[in-house]
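To start, the structure itself, in structure tokens.
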Amino acid sequence: MKRHKHKILFGALIIAILALVFWYGGDAPGLRGWISQTNDHTVVTKNDAPVPPASPMASKEPAATPVPTESVVIAAAKAKTEPEEQRQSENDGQKYPEGNGMIIDDSTGKDRYFTDPVPEGKPLPVEPQDQSITNQEYTCFLSVRCDTILNNMTWLDPEKIEMVPADGVIFAEREVSFYEGESVFQVLLREMKQNKIHMEYENTPIYNSAYIEGIANLYEFDCGELSGWMYKVNGWFPNYGCSRYQLQSGDRIEWVYTCDLGADVGGSYSAGNGG
């Protein structure tokens, strides 16, 4: 009897050892689908759902080549090549000489706010902190429209169909007043408020400009992944943000909604630079 007892105990010990090896070997049912933490990184086990790639409209990174634009995403191409904090830190460390005109950093080919050189004959950006607004009043022309959506209604978010005017005109062109030194952004903001038209924007310090996210409840990406708001002045799509465009008497400002990164409104999009 004692001999059998020893055999039973020996067998139980072997079973226990095999169970421990099975459990800590990683095939235990309780570990499947969990997240295992190590000292230097997190490893997601095979049963976790894959993470979808970032949207190409998720970055406000400036384009590698100079292309005229305004906001669409600021989005498209809203995939960053490096973290914004790192770029901002590098920007703060740059040494730029003082002087008139647009100062370009030789190492990047852009100014301190990641703006490509402005085409010859076009107005240079004026930084909002350098604005000098006087009491001298002038007039310019302003319009806001989204008629490109009418040609792409199948792309439009169904919840936004009622937001689109039948003719695509949100704010018909009219002559408006501004004060010497004011920017395109300031005029748009004032006129939208006075006319009780919804407008939403975001300040983007890295581009030193406001970025227009939505007007009349129509936002970027509402009509496709390449959609959003852009502006042009006297037929030109500036390659810097609307807070940096200082108005002159008689300027014609047009805010247009694009469904195709500007290709459908006669411009093109360079991600970033405010919006």
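Derivation of every value follows stated rules applied to the coordinates shown; laboratory data play no part. None of these values were measured; they are calculated from a predicted model. We place every Cβ from the backbone using ideal geometry, glycine too, and count neighbours over all the protein chains shown.
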### Task
Treat each spin label as a single point 7 Å out from the Cα along the C-beta direction, and report the Ala166 to Asp147 distance in nm.
1.6
### Task
Just name one of Trp155, Leu189, Ser209: the one whose Cα is farthest towards the positive end of the charge dipole of the stretch 84-258 (beta-carbon charges, Lys/Arg +1, Asp/Glu -1).
Leu189
### Message
Please give me, ordered by residue number, the trypsin sites (Lys or Arg not before Pro) of the stretch 169-224 that lie in loop per DSSP and have at most 13 other Cβ atoms within 10 Å.
### Response
Lys196
### Fully extended contour minus Cα-Cα distance, from Glu200 to Gln136, at 0.36 nm per residue
20.2 nm
### Query
Can you give the relative contact order of the stretch 92-225 as a percent, counting alpha carbon pairs under 8 Å and 6+ residues apart?
23
### Query
What residues qualify as long-range amide H neighbours of Thr204, i.e. H under 5 Å apart, gap of 5 or more or another chain, H built at 1.01 Å from N?
Ser209, Ala210, Tyr211
### Residue exposure sequence - Trp155, Trp229, Trp255 - by fewest surrounding Cβ within 10 Å
Trp155, Trp255, Trp229
### Task
Determine which residues of the stretch 99-141 fall in the zone a paramagnetic label at Trp236 would reach in this model, i.e. backbone nitrogen under 14 Å from the point 7 Å along Cα→Cβ.
102, 116-126
### Query
What ranking of Leu142, Leu150 emerges when the number of other C-beta atoms within 10 Å of each C-beta is taken as an exposure proxy, fewest first?
Leu150, Leu142
### Message
Show me, for the stretch 107-122, the HN-Hα J-couplings you get by feeding each phi into the Karplus relation (A = 6.51, B = -1.76, C = 1.60, θ = phi - 60°), rounded to Hz, glycine and proline as x.
### Response
6, 10, x, 10, 7, 5, 10, 6, 9, 5, x, 6, x, 4, x, 9
